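*Asks:* Below is one structure. I have some questions about it.
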Amino acid sequence: MGDEYVRTRGVYAKPWSKLVGRKIEITPVIMQKLGVAVLEGVRHEIRRTIALAASVKGRGSPTSMPVSPGFIESFQFKISGSRTVEITTNWPFAKAFEEGKDPYEMTWLRQPKVKVVPIITSTGETILRTAPLQTEKAWIHPGFAKYNFLAKGVKRGRENAAKIIRDELVLPLLKEASPWL
């Protein structure tokens, strides 16, 4: 896994600021809480998807999501600008699990110098495989199964963030406006 995080999704706070019907200020502290809410929604959906996909395995089947706490923890959030929560990850091929990918020919194995190929399994175990002697036919990667954990997780995170907006911004405004609340 690399150390560089890549953006996978962005969630914008401007729509949240309009929930009250008037412009409200979303502070950096609230943005951090919104970021945590969206990230937890994504991580929850990843855990749920891993549990559901655990039975989808077998030789020749598309690569299923990694069953690794490291995969879940590789997803982070950062605040971009003053009003955008970005979900990022440094896990290789994380985007391929979200979008899916058909089987493809691994043409780089046609090179005569490639003798051993390290394959990292979904559990993190490394298996060393040798390339076939026939270099005309490269190996075929089974592809990646398509999961929509990011879209579902961001949706769940937005729902959690709406609760934060309600509890920390809207309700105090209502209490300020009405002495009976």
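The values are calculated or read from the model by the stated rules, or taken from the named source; none is laboratory data. What you see is a predicted model; the values in this text were computed from it and never measured. All Cβ positions, even for glycine, are placed from backbone atoms using ideal geometry, and neighbour counts span all protein chains on display. Heavy atoms of the whole protein, side chains included, go into the accessibility calculation; ligands, DNA and RNA do not. Shrake-Rupley method; radii C 1.70, N 1.55, O 1.52, S 1.80 Å.
*Asks:* As a test question: what accessible area, to the nearest 10 Å², does ARG156 have when a 1.4 Å probe is rolled over all protein chains in place?
*Replies:* The accessible area comes out at roughly 80 Å².
*Asks:* So how much accessible area does LYS175 have, in Å² to the nearest 10, using a 1.4 Å probe?
*Replies:* 130 Å²
*Asks:* Another question, then. Starting from the 7 Å offset along Cα-to-Cβ, what nm value, one decimal, do you get for the label separation of ARG48 and ARG129?
*Replies:* Here the answer is 3.3 nm between the modelled labels.
*Asks:* Same structure, new question: By accessible area of protein heavy atoms, probe 1.4 Å, what ranking do THR89, THR130 get, highest first?
*Replies:* Highest to lowest solvent-accessible surface, that is THR130, THR89.
*Asks:* Can you sort TYR104, TYR147 by solvent-accessible area, 1.4 Å probe, largest first?
*Replies:* Ranked list, largest accessible area first: TYR104, TYR147.
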